[in-house]
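The values are calculated or read from the model by the stated rules, or taken from the named source; none is laboratory data. Please read these numbers as outputs of a predicted model, since none were measured by experiment. Here Cβ is always computed from backbone atoms with ideal geometry, including for glycine, and neighbour counts include all displayed protein chains. Please note that ligands, DNA and RNA were not included when accessible areas were found on the heavy atoms of the full protein model with its side chains. Shrake-Rupley method; radii C 1.70, N 1.55, O 1.52, S 1.80 Å.
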Amino acid sequence: MAAPRHDRPPTRFAARAPGRVNLIGEHTDYTGGLVLPMAIDRGTTIEGVRTPGGDTVELTSADEPAPARIPLPVTDPAAASPAWGRYVAGVAAELGPRATAIRARVTTDLPIGAGLSSSAALEVAASLAMHPDPMPVLERAQLCRRAEHRATGVPCGIMDQLASCAGIAGHALLVDCHSLAIEPVPFPDDLQVVVRFVARRALAGSAYADRVAQCAAAEREIGPLRLADPAAAETIADPVARRRARHVTRENARVRDFVAALRAADARALGALLLATHASLRDDFEVSTPAMDAAVDAAAREPGVLGARLMGGGFGGCIVVLAHADARLDGWRVRPSPGASTLP
Ligand code: GLA
């Protein structure tokens with residue numbers, strides 16, 4: 001018979017979850033479209049002790065002045081203070097009675113608020129810290145996505161949490177965000193991915209939620225955007241909804257073309273697709289900034305660079321640059337890496 005919870009001794013643990021880079025497929029996940037992210041070799045680690053039978057999650061962070069003290073059970077994660085604790089509180093709320101109390105420290109080598117999914121990495125690491133029992137990656141990703149909605153109110157898609165949970169070394173993940181099927185796509189050794197920070201931003205309070213609503217408005221006219229072709233988008237009467245649908249329908253096609261170009265080792269096509277995505281995010285989806293446009297233009301002119309674009313939700317964050325492996329570039333070179341795990 002299992003011992004009662006309060007009799008179990010504290011146990012040491014370490015959980016690590018990576019950030020992600022999205023190669024292509026931006027603002028397509030929340031309409032069930034296609035994305036091509038990869039988990040990267042930067043991430044967030046939570047290390048400490050589990051205190052079964054305890055009633056508090058106590059966390060310090062190397063990057064935050066104030067510790068987070070979260071009493072269990074959590075009913076309103078958005079009310080947790082300090083703000084960084086809300087992501088963890090959201091995960092605890094979603095885990096409900098499965099959440100184990102912990103006392104631990106958070107460290108990260110992801111820049112925070114830079115568009116590399118530092119929040120998803122924190123959520124996924126927190127889920128492993130508080131609930132290490134086996135859970136299918138899809139279930140963990142969905143739990144963490146709901147946690148983010150509850151913690152921040154941002155109606156994000158599944159991409160970031162899924163990439164952090166399901167990453168595979170040396171591969172990008174082609175995700176159909178409707179069926180949630182994941183197809184690993186090998187990333188070629190002769191190419192490199194570099195990320196350049198442009199400006200810190202938060203999606204909470206940004207126009208991200210407006211974009212989600214505008215896509216929903218477009219879908220009321222022409223049906224699911226994941227099934228619509230670009231010609232259908234042009235029939236939408238409202239010019240804003242039309243531009244949003246134009247981006248999404250063409251972006252889904254670009255993801256397919258990008259995967260085909262990866263398989264055909266067609267480096268020039270890959271670069272052209274990234275630049276086309278940037279133009280579409282700038283002109284039709286309107287989530288770029290002048291600083292991001294300038295960073296992409298500058299990167300595209302550098303020797304060895306194939307293409308570049310703004311990455312993630314937009315309104316700041318970072319750009320992603322695709323280049324030949326031997327090009328010497330400023331920025332963080334990132335490698336396709338395994339998803340989250342608990343460490344021995
Ligand atoms: C953020 C969200 C994702 C996705 C991207 C845009 O990163 O968390 O779900 O919508 O923006 O592609």
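Whole-percent P(r), the range 83-225, all Cα pairs, 5 Å bins from 0: 2, 9, 16, 19, 19, 17, 11, 6, 2, 0, 0.
Other residues lying with their Cβ under 11 Å from the Cβ of residue 79 contribute a combined charge of +1, Lys and Arg counting +1, Asp and Glu -1. Summary of packing: across the peptides 55-67, 102-114, 295-307, the per-residue average of other C-beta atoms within 10 Å ranks them, highest first, as 102-114, 295-307, 55-67. Surface composition of the range 61-212: carbon plus sulfur atoms contribute 54% of the solvent-accessible area (1.4 Å probe, protein chains only, all chains present). Residue-wise HN-Hα couplings along the range 129-140, as the Karplus relation 6.51 cos²θ - 1.76 cosθ + 1.60 with θ = phi - 60° gives them from phi, are 5, 8, 8, x, 4, x, 8, x, 4, 5, 5, 5 Hz; Gly and Pro carry x. With the highest mean first, a sort of the peptides 217-228, 14-25 on other beta-carbon atoms found within 10 angstrom per residue produces 14-25, 217-228. Taking the charge dipole of the range 283-344 about its Cα centre, with +1 at Lys and Arg Cβ atoms and -1 at Asp and Glu Cβ atoms, the residue from 322, 339, 299 reaching farthest to the positive side is 339.
Computing Rg and the Kirkwood Rh from the Cα coordinates of the range 244-308 gives a ratio, Rg/Rh, of 1.00.
What share of Cα pairs, in percent, lie more than 27 angstrom apart in the range 1-145? Percent of Cα pairs beyond 27 Å in the range 1-145: 21.
In the chain, with Lys and Arg counted as +1 and Asp and Glu as -1 at Cβ, which of these residues, 175, 21, 131, has the Cα nearest the positive end of the dipole, that is, farthest along it? Checking the options against the dipole of the chain, the answer is 131.
When only the Cβ of Lys, Arg, Asp and Glu is charged (+1, +1, -1, -1), the dipole of the range 52-99 relative to its Cα centre reaches about 80 debye.
Note on the range 15-124: dipole from Cβ charges, positive end direction compared against 78, 89, 102; the farthest Cα belongs to 102.
Averaging over all projection directions, the Cα-based convex hull of the range 24-63 occupies 5.7 nm² in the image plane.
In order along the range 322-333, the Karplus-derived 3J(HN,Hα) couplings, from 6.51 cos²θ - 1.76 cosθ + 1.60 at θ = phi - 60°, round to 10, 8, 4, 4, 8, 5, 9, 10, 6, x, 9, 7 Hz, and Gly and Pro are given as x.
Surface exposure of the range 16-89, expressed per residue as accessible area with a 1.4 Å probe, stands at 34 Å². Shown here: the range 217-344, whose C-alpha atoms stretch 47, 40, 30 Å along the first, second and third principal axes, sorted largest to smallest. With protein chains left intact and a 1.4 Å probe, residues in the range 285-331 average 38 Å² of accessible area per residue. For the range 97-216, a simple Cβ point-charge model (Lys and Arg +1, Asp and Glu -1, everything else neutral) yields a dipole of about 600 debye relative to the Cα centre. Under the convention that each Lys and Arg Cβ holds +1 and each Asp and Glu Cβ holds -1, the size of the dipole of the range 80-168 around its Cα centre is about 220 debye.
Coupling constants for the range 206-221 follow from the phi torsions by the Karplus curve (6.51 cos²θ - 1.76 cosθ + 1.60, θ = phi - 60°), and in residue order they are 8, 7, 4, 4, 4, 5, 4, 5, 5, 5, 5, 5, 4, 5, 5, 8 Hz; glycine and proline get x. Summing +1 for each Lys or Arg and -1 for each Asp or Glu among the other residues whose beta-carbon sits under 12 angstrom from that of residue 15 gives +3.
Between residue 209 and residue 178, the modelled labels are 2.7 nm apart [label points 7 Å from Cα along Cα→Cβ].
With the Kirkwood sum run over all distinct C-alpha pairs, the range 155-294 has a hydrodynamic radius of 16.7 Å. Compared with the dominant Cα axis of the chain, that is its longest principal axis, helix 290-300 is turned about 70°. Summarised in one figure, the compactness ratio Rg/Rh of the chain, Cα atoms and Kirkwood Rh, is 0.99. If you run the Gaussian network model on the chain, springs between alpha carbon atoms under 10 Å, then out of 44, 235, 100 the most flexible one is 235.
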